[in-house]
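Reading through the structure tokens given below for one structure.
The values are calculated or read from the model by the stated rules, or taken from the named source; none is laboratory data. The structure presented is a predicted model; accordingly, all values stated were derived computationally and were not measured. Neighbour counts run over all protein chains shown; Cβ positions are idealised from the backbone, glycine included. Surface areas here come from the heavy atoms of the whole protein model, side chains and all, with no ligands, DNA or RNA. Shrake-Rupley method; radii C 1.70, N 1.55, O 1.52, S 1.80 Å.
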Amino acid sequence: MSKLGNLGARLHRGEVSYDFIGKRKIWYGVSILITITAIVGLVVRGLNMGIDFQGGAVFTTPAKMSTSVSQAEGYAHEASGHEAVVQKLGNGSLRIQIAGIDTGKADDIKETLAKDLKIDPESLAADLVGPSWGEQIANKAWEGLAIFMVLVVIYLAIAFEWRMAVAALVALIHDITITVGIYALVGFEVTPGTVIGLLTILGYSLYDTVVVFDSLKEQTKDITKQTRFTYSDIANQSINGTLVRSINTTVVALLPVAGLLFIGGGFLGAGTLNDISLSLFVGLAAGAYSSIFIATPLVADLKEREPAMKALRKRVLAKRAQAAAGENSEEQGSTGDTYDAAPAVVGPRDQPVARNRGRGRPSGKRR
């Protein structure tokens, strides 16, 4: 068995563990800092909305163009006054995408662009995209997101409890905020593929969270009938018991996405892969993080406020304090520093018992 497998088995049996719940204030602080950074990036830089959301025109040149991508970007900017996204296709043609322009000026831009590229205007294909289609996609995405959130909360509230539903909802909002903020900071173009990626990561994020919640639900049955563990202790055990599984599933999911993002979009120059691969990569990593460091500690915080859990914590801590005091007493007694003999019992039983009591007396009632 591998070292990771051995570690997973030891974590599951409780032989080793890391105090995730005890350090939850650190995780909360880190998450708040990351979220604030993402929100600031979103407010200051904004999202680079693609042509599908802003409207514009897409021009495709004939095959085997000698013009470089950077030259074509300069020509498109001069012709339209807007930034352009240029991609070189497999047959050597150029795909020039200009967002945010008035579609009524597309013909003039086409003429100017064809002149700069030194090609026949008729050979330059033009496709116009209206902003209404992108707005419909965005509206449908928001509707789908809202419906998904509502169904998730209802399901978790029925299958588990409302506290877990609230914690999972906070974790999902955390993941979406970070992913959108990263898009704003990096400046990647937001396309319908980005929307698909954002909706996809919700399922992955929820999967890791539900795995931990299911383990927590099983281990907290009849929790008030024992005095060994508090709710936070069992929540920490649930995280440690599923930790290696969460890491394995996340790494396996991240590897192909990383290949799309860094190899396909970076080294091979397939920029069309960036829109969906970045959202998946950031969302998967954030989902694994939130299930361990946000959702479960938040559930523990909410549960520890219940009167029954407060009473259980008092009993557990009192028993641990009593056990610690007993161990200290035994250690002191073994060294001879405090005791030379067993302590006497206080009370009426301190009097010595007469061994010959009742001897020589006749049986029967005393006269």
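Can you figure out the FRET efficiency of VAL44 with LEU89, using R₀ = 25 Å and their beta-carbon distance, to the nearest 0.05?
On the way: r = 34 Å, r/R0 = 1.37.
Working from the Cβ atoms, E equals 0.15.
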| request: For the range 92-107, just list the computed ³J(HN,Hα) in residue order, Karplus coefficients 6.51, -1.76 and 1.60, θ = phi - 60°, integers in Hz, with x standing in for Gly and Pro. | output: x, 7, 10, 10, 9, 10, 10, 9, x, 8, 6, 4, x, 9, 5, 5
| request: Give the accessible area for ILE178 in Å² (nearest 10); use a 1.4 Å probe, count only protein heavy atoms, and leave out ligands, DNA and RNA. | output: 20
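Can you check what the net charge comes to around ARG245, using other residues whose Cβ is under 13 Å from the Cβ of ARG245 (Lys, Arg +1; Asp, Glu -1)?
Working: positive: none; negative: ASP208, ASP214.
Around ARG245, the surrounding residues sum to -2.
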| Stretched out fully, how many nm does the piece from TRP162 to ARG315 gain, at 0.36 nm a residue minus the Cα gap? | 52.5 nm
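Please go through the range 133-235 and write out the trypsin sites (Lys or Arg not before Pro) that DSSP classes as loop and that have at most 12 other C-beta atoms within 10 Å.
Details: sites: LYS140, ARG163, LYS217, LYS221, LYS225, ARG228; in loops: LYS221, ARG228.
Passing sites in the range 133-235 are LYS221, ARG228.
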| task | Rank these residues by their accessible area, most exposed first, probe 1.4 Å: VAL252, VAL180, VAL170. | result | VAL252, VAL170, VAL180
| field | Gained length - ASP116 relative to ILE36, 0.36 nm times residue gap less alpha-carbon distance | value | 24.3 nm
| remark: Under 5 Å from the placed amide H of ASN48, counting only residues 5+ away or on other chains, we find VAL190
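Please arrange THR242, THR249 by accessible surface area, largest first, computed with a 1.4 Å probe and ligands excluded.
On the way: THR242 15, THR249 55 Å².
Descending order: THR249, THR242.
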| the range 273-290 to the range 216-268: how many Å between their Cα centroids? | 16
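Note the full-extension length gain between SER123 and LYS25 as 0.36 nm times their separation in residues minus their Cα-Cα distance, in nm to one decimal.
On the way: separation 98, 0.36 × 98 = 35.28 nm, distance 6.24 nm.
Net length gain for the segment: 29.0 nm.
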| Solvent-accessible area, 1.4 Å probe, carbon plus sulfur percent, for the range 94-151 | 55
| message | Using the Karplus curve 6.51 cos²θ - 1.76 cosθ + 1.60 with θ = phi - 60°, what ³J(HN,Hα) values do you get for each residue of the range 29-34, in whole Hz, with x for Gly and Pro? | response | x, 4, 5, 5, 5, 5
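With every protein chain left in place, what is the accessible area per residue of the range 82-124 in square angstrom, probe 1.4 Å?
Working: 2410 Å² over 43 residues.
For the range 82-124, the solvent-accessible area averages 56 Å² per residue.
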| task | Convert each backbone phi in the range 115-122 into a coupling constant with the Karplus relation 6.51 cos²θ - 1.76 cosθ + 1.60 (shift: θ = phi - 60°), then list the ³J(HN,Hα) values in order as whole Hz, x for Gly and Pro. | result | 5, 5, 7, 6, 9, 6, x, 5
| request: Taking only protein heavy atoms into account and a 1.4 Å probe, give the accessible area per residue of the range 236-326 in Å². | output: 46
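If you take the beta carbon distance between ILE154 and ASP102 as r and set R0 to 35 Å, what does 1/(1 + (r/R0)^6) give as a FRET efficiency, to the nearest 0.05? Before the final figure, lay out each step's value.
Details: r = 45 Å, r/R0 = 1.30.
After rounding to 0.05, the efficiency reads 0.15.
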| task | Just tell me which lysines come within less than 28 Å, Cα to Cα, of LYS319; anything on the same chain fewer than 8 places away is out. | result | LYS23, LYS25, LYS217, LYS221, LYS225, LYS303, LYS310
| message | Heavy atoms of the protein only, probe of 1.4 Å, neighbouring chains included. What is the accessible area of HIS82 in Å², nearest 10? | response | 70
| said: Applying a 10 Å radius around every beta-carbon, put 305-314, 91-100 in order of their mean neighbour count, most first. | reply: 91-100, 305-314
| request: Between beta-carbons, use under 15 Å as the cut-off and find the net charge around THR37, counting Lys and Arg +1, Asp and Glu -1. | output: 0
| In nanometres, what is the gap between the two model label sites at ARG305 and SER17, each 7 Å from Cα along Cα-to-Cβ? | 2.4
| task | Take peptides 291-298, 192-199 and line them up by average Cβ neighbours within 10 Å, highest first, as a rough protection proxy. | result | 291-298, 192-199
